[in-house]
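Peer 1: I am attaching a structure below and will ask some questions about it afterwards.
The values are calculated or read from the model by the stated rules, or taken from the named source; none is laboratory data. Worth saying up front: this structure is predicted, and the values here are computed from it rather than measured. Virtual Cβ from ideal backbone geometry, glycine too; neighbours counted across all protein chains shown. SASA here: full protein model, heavy atoms, side chains in, ligands and nucleic acids out. Shrake-Rupley method; radii C 1.70, N 1.55, O 1.52, S 1.80 Å.
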Amino acid sequence: CRLGCNATESPRHIFLTCPHYEIWRNDARDEITRKTEMKAETMEIQSLTKDNLIRAAKSLFSDDDIIWPLHYSLYYIGQLPNIDKLIEDPTMTMTQKQRLKSHISSDWHTSSIRLAGRIFGDFQKRMAVLNECPRR
């Protein structure tokens, strides 16, 4: 990795495991976990569904065999885990489920794209300096 890690550089490495961006991933994870928990409490979601959503939020920016269908996080290309499988409250109406799903997916998608953009922009900037590219 050109950022100094002893790993093969790839998009997967840069966005998921590169220690250079670990603080940013952790900050984004903490923020989205707080937002998800607040949404679940505000909407008075049952504890099992709430626990599922919080666990998924904590795993959004890392690989997780249970949350991600292919066992790999793909947040950096805009994909989210299947939220339908996380909602296990039989007392919720279809409208309540759709509302919850819409709120959660919007928050998760926005946080994912914001983090990916931040990492990509920083990486591009560092590579331009490293390669002595002229500024426009």
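Peer 1: Please name all residue pairs, on different chains or six or more residues apart, with Cβ atoms under 8 Å, provided the first residue is in the range 12-32 and is touching a residue at least 40 places away in the same chain (Cβ under 8 Å) and the second residue is acidic (Asp, Glu) and part of a helix (DSSP H, G or I).
Peer 2: Pairs found: Tyr21/Asp122; Ile32/Asp107.
Peer 1: I've got another one for you. Which one of these is in a loop (DSSP other than H, G, I, E, B), of a type in the set (A, V, I, L, M, F, W, C) and surrounded by fewer than 15 Cβ atoms within 10 Å (Cβ to Cβ): Ile66, Ile23, Ile45?
Peer 2: Ile66
Peer 1: For the condition assigned to a helix (DSSP H, G or I) and either of a type outside the set (Asp, Glu) or open to solvent by less than 60 Å² (accessible area, probe 1.4 Å) (or both), what is the one hit in Thr33, Thr8?
Peer 2: Within the list Thr33, Thr8, the selection yields Thr33.
Peer 1: Could you look through the range 51-63, keep only residues that are part of a loop (DSSP other than H, G, I, E, B) and open to solvent by 20 Å² or more (accessible area, probe 1.4 Å), and pick out the one that is modelled with the lowest pLDDT?
Peer 2: Applying the filter and picking the extreme gives Asp63.
Peer 1: Find all pairs meeting these conditions: Cβ atoms under 6 angstrom apart; at least six residues apart or on different chains; first residue within the range 104-122 and under 19 Å from Leu53 (Cβ atoms); second residue of a type in the set (D, E, K, R).
Peer 2: Final answer for the pair search is Asp107/Lys35.
Peer 1: Might you let me know whether the range 106-122 holds any residue that is exposed (fewer than 12 other Cβ atoms within 10 Å of the Cβ) and modelled with pLDDT under 90?
Peer 2: no
Peer 1: Out of all the residues in the range 41-76, which are closer than 14 Å to His109 by Cα, among the hydrophobic types (A, V, I, L, M, F, W, C), out of contact with any Leu (no Cβ under 7 Å at 6 or more places or on another chain) and touching a residue at least 24 places away in the same chain (Cβ under 8 Å)?
Peer 2: Those that are closer than 14 Å to His109 by Cα, among the hydrophobic types (A, V, I, L, M, F, W, C), out of contact with any Leu (no Cβ under 7 Å at 6 or more places or on another chain) and touching a residue at least 24 places away in the same chain (Cβ under 8 Å): Ala57, Leu60.
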